[in-house]
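Chemist: Dumping the structure here so I can ask a few things about it.
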There are 2 protein chains.
Amino acid sequence: MTRANQPIGVFDSGIGGLTVIHALRQLLPQEDLVYLGDTARLPYGTKSHRTIERYTLQMGELLQRHDPKLIVIACNTASAHGLTALQAVSPCPVIGVIEPGAEAAAERSGAVGIIGTLATVSSEAYELAIRRRDPGKVIFSVACPLLVPLAEEGWFDDPVTDSICRRYMNQLPFEVKTVVLGCTHYPTLMTSLERSRPGTQWIDSGRVTAKAVDRVLKGSLGYRTESARGSLRVQLTDASSRLKEVGSRFLEEEMGDIEVVEI
Amino acid sequence: MTRANQPIGVFDSGIGGLTVIHALRQLLPQEDLVYLGDTARLPYGTKSHRTIERYTLQMGELLQRHDPKLIVIACNTASAHGLTALQAVSPCPVIGVIEPGAEAAAERSGAVGIIGTLATVSSEAYELAIRRRDPGKVIFSVACPLLVPLAEEGWFDDPVTDSICRRYMNQLPFEVKTVVLGCTHYPTLMTSLERSRPGTQWIDSGRVTAKAVDRVLKGSLGYRTESARGSLRVQLTDASSRLKEVGSRFLEEEMGDIEVVEI
């Protein structure tokens with residue numbers, strides 16, 4: 001029996017991963033998606049390796065209730081610390097966001113910039129993943145702690161956001177022409193980021209992850225055979241009315257009902 | 001035997017409470033202080049009431065190792081959710097930051113503004129504490145999620161911080177002449193806050209808490225009898241070199257060695 005009609009499970013520590021859902025729905029609109037956000041325990045970035053690994057395994061198990069054909073870890077921290085452990089036990093394939101972003105970065109010529117949260121930048125996960133593919137790659141990283149709260153405030157296309165993006169981007173040397181958005185919140189700030197550094201090629205890890213999903217489906221798992229637009233279920237471990245409002249902005253479409261699941 | 005020479009224990013979910021330490025060292029320079037920051041488990045603001053209560057009790061127990069004469073909860077969230085529970089079991093008196101701030105606000109005439117994190121503002125802890133003293137008080141609250149990351153970035157006396165403060169402060173009606181800094185990080189942003197709303201009377205909850213401590217010492221506990229400057233021990237449940245750098249800015253003096261304690 002083919003599993004092609006099973007949903008794709010996507011999980012994140014919060015709601016930032018909804019930008020990955022947006023990218024998946026753009027590229028693969030017919031797929032059914034289940035999103036699981038661990039909002040009760042966010043942020044993962046300040047937790048220890050062992051804790052993040054344990055949480056990632058728990059989230060993977062929760063997603064198994066939906067018998068997914070594939071799991072996407074739409075969270076940089078969980079991808080860095082929990083991907084290998086989840087791949088070892090999961091009955092279905094698991095994809096993280098770092099490898100696709102690193103692969104795209106390694107393919108570009110010249111120096112590469114990585115922007116992310118303090119946790120992602122200090123983990124050096126992107127550097128390691130890029131250097132596995134191109135050991136001589138010149139990489140500069142900048143931690144941008146204000147960008148997540150700015151995105152959650154919804155200050156898009158805003159002079160304050162422009163100034164902050166300019167300040168962070170000016171920390172990257174002039175020679176950097178390719179920048180990886182190493183955080184799932186950042187695609188929502190694209191307008192300001194582009195203004196802050198014209199002529200840059202941006203690697204949106206959500207978009208390249210969606211392409212990686214497409215390749216896996218094409219390869220062996222198979223696309224959903226129905227042509228109607230796929231469904232989207234959003235499950236969070238803790239919910240507030242604000243999350244729904246912010247989440248809809250990340251998703252770039254109206255979010256349906258949020259289900260709250262116990263962990 | 002007098003306990004006047006025992007240290008004062010201060011705890012916070014992170015390092016923001018070091019602004020309370022700064023206020024204590026200004027007002028009561030001869031007191032020995034032990035600071036305990038639960039950096040491994042921060043932020044408390046997104047956790048449930050029961051979890052915050054449990055963490056507060058654990059922190060109180062850890063401080064008992066130093067046999068303090070008094071404990072100060074220098075964290076708004078832990079004060080709102082854990083003060084009563086800790087007072088019930090602690091062998092020494094316990095003071096939070098909300099009651100002193102609310103008391104000072106209730107004494108001022110006219111409408112009052114409260115600024116804080118999303119968690120503090122939605123807890124309505126300041127409103128409740130002020131209304132217990134003055135049921136008719138007109139109170140306006142504004143959540144300012146960007147101010148903590150701005151303070152941690154150290155963007156003090158900065159045009160970006162000015163713009164952000166102005167935007168948040170403009171959400172308070174013109175009639176508000178008194179504003180409570182309902183977050184221990186905010187005193188570090190005082191220059192920008194003052195510029196954003198000239199003529200405002202600011203209630204720094206750290207400073208009023210230091211005054212409350214002074215009253216308790218004067219009343220029954222007693223001041224340390226040595227006149228030499230008191231010592232400061234800083235213990236964190238998780239440490240990084242960055243914490244030391246940011247912490248020194250909050251403390252407004254060079255921080256000594258940080259001890260890491262297991263929880």
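Chemist: Could you figure out which of (1) touching a Lys or Arg at 6+ places or on another chain (Cβ under 9 Å); (2) surrounded by fewer than 18 Cβ atoms within 10 Å (Cβ to Cβ); (3) not aromatic (Phe, Trp, Tyr) isn't true of A:ALA151?
Modeler: The single condition A:ALA151 does not satisfy is (2).
Chemist: Here's something else I'd like to know. What residue, of A:GLY96, A:GLY37, is among the small types (Gly, Ala, Ser), within 24 Å of A:GLU252 (Cβ to Cβ), out of contact with any Pro (no Cβ under 8 Å at 6 or more places or on another chain) and within 14 Å of chain B (Cβ to nearest Cβ)?
Modeler: Exactly one residue qualifies, and that residue is A:GLY37.
Chemist: Could you please find all residues in the stretch A:116-164 being more than 17 Å from A:CYS75 (Cβ to Cβ), more than 9 Å from every other protein chain (Cβ to nearest Cβ), of a type in the set (Ser, Thr, Tyr) and part of a helix (DSSP H, G or I)?
Modeler: A:THR161
Chemist: Still on this structure: So which residues in the stretch B:11-33 are of a type in the set (Phe, Trp, Tyr) and modelled with pLDDT under 95?
Modeler: The answer is none; no residue qualifies.
Chemist: Which condition from (1) free of Cβ contacts under 8 Å to residues at least 60 places away in the same chain; (2) under 22 Å from B:LEU18 (Cα atoms); (3) within 19 Å of the chain's Cα centre (by Cα) is the one that B:TRP155 breaks?
Modeler: (3)
Chemist: Out of the stretch B:66-78, which residues are out of contact with any Cys (no Cβ under 7 Å at 6 or more places or on another chain) and closer than 20 Å to B:GLY222 by Cα?
Modeler: If the condition is that a residue be out of contact with any Cys (no Cβ under 7 Å at 6 or more places or on another chain) and closer than 20 Å to B:GLY222 by Cα, then B:HIS66, B:ASP67, B:VAL72, B:ILE73 are the ones that fit.
Chemist: Cβ-Cβ distance below 9 Å, separation of 6 or more or different chains: which pairs start in the stretch B:78-89 with a residue that is in contact (Cβ under 8 Å) with a residue 60 or more places away in the chain and end on one that is among the acidic types (Asp, Glu) and not in a helix (DSSP H, G or I)?
Modeler: B:ALA78/B:ASP12; B:ALA78/B:ASP38
Chemist: Something else about it: Taking strands (runs of 3 or more DSSP E) that do not extend beyond the stretch B:199-263, which have at least 2 residues that are touching a helix residue (DSSP H, G or I) at 6+ places or on another chain (Cβ under 9 Å)?
Modeler: By residue number, B:201-204, B:232-236.
Chemist: Conditions: (1) at pLDDT 90 or above; (2) assigned to a helix (DSSP H, G or I); (3) in the same structural domain as A:PRO29 (by TED's automatic domain parsing); (4) within 20 Å of the chain's Cα centre (by Cα). A:LEU189 meets all but one. Number of the miss?
Modeler: Unmet condition: (3).
Chemist: So B:LEU236 clears everything in (1) over 20 Å from B:MET59 (Cβ atoms); (2) within 14 Å of chain A (Cβ to nearest Cβ); (3) in contact with a Ser or Thr (Cβ under 6 Å, 6 or more places away or on another chain) except one condition, right? Which one?
Modeler: (1)
Chemist: Let me ask something else about it. Just to be sure, is B:PRO173 out of contact with any Ser or Thr (no Cβ under 9 Å at 6 or more places or on another chain), at pLDDT below 95 and assigned by TED's automatic domain parsing to the domain that holds B:TYR126?
Modeler: no
Chemist: Another question about this same structure. Hey, can you tell me all the residues within the stretch B:4-43 that are surrounded by fewer than 24 Cβ atoms within 10 Å (Cβ to Cβ) and of a type outside the set (A, V, I, L, M)?
Modeler: Result: B:ASN5, B:GLN6, B:PRO7, B:HIS22, B:ARG25, B:GLN26, B:PRO29, B:GLN30, B:ASP32, B:THR39, B:ARG41, B:PRO43.
Chemist: Something else: Condition first: within 11 Å of chain B (Cβ to nearest Cβ) and touching a residue at least 12 places away in the same chain (Cβ under 8 Å). Now tell me which residues in the stretch A:165-191 satisfy that.
Modeler: Correct list: A:CYS165, A:ARG166, A:TYR168.
Chemist: Output the number of residues of the stretch A:163-191 satisfying the condition of being over 25 Å from A:ALA106 (Cα atoms) and buried (at least 18 other Cβ atoms within 10 Å of the Cβ).
Modeler: 1
The values are calculated or read from the model by the stated rules, or taken from the named source; none is laboratory data. Bear in mind the structure is a predicted one, so any value in this text is a computation, not a measurement. All Cβ positions, even for glycine, are placed from backbone atoms using ideal geometry, and neighbour counts span all protein chains on display.
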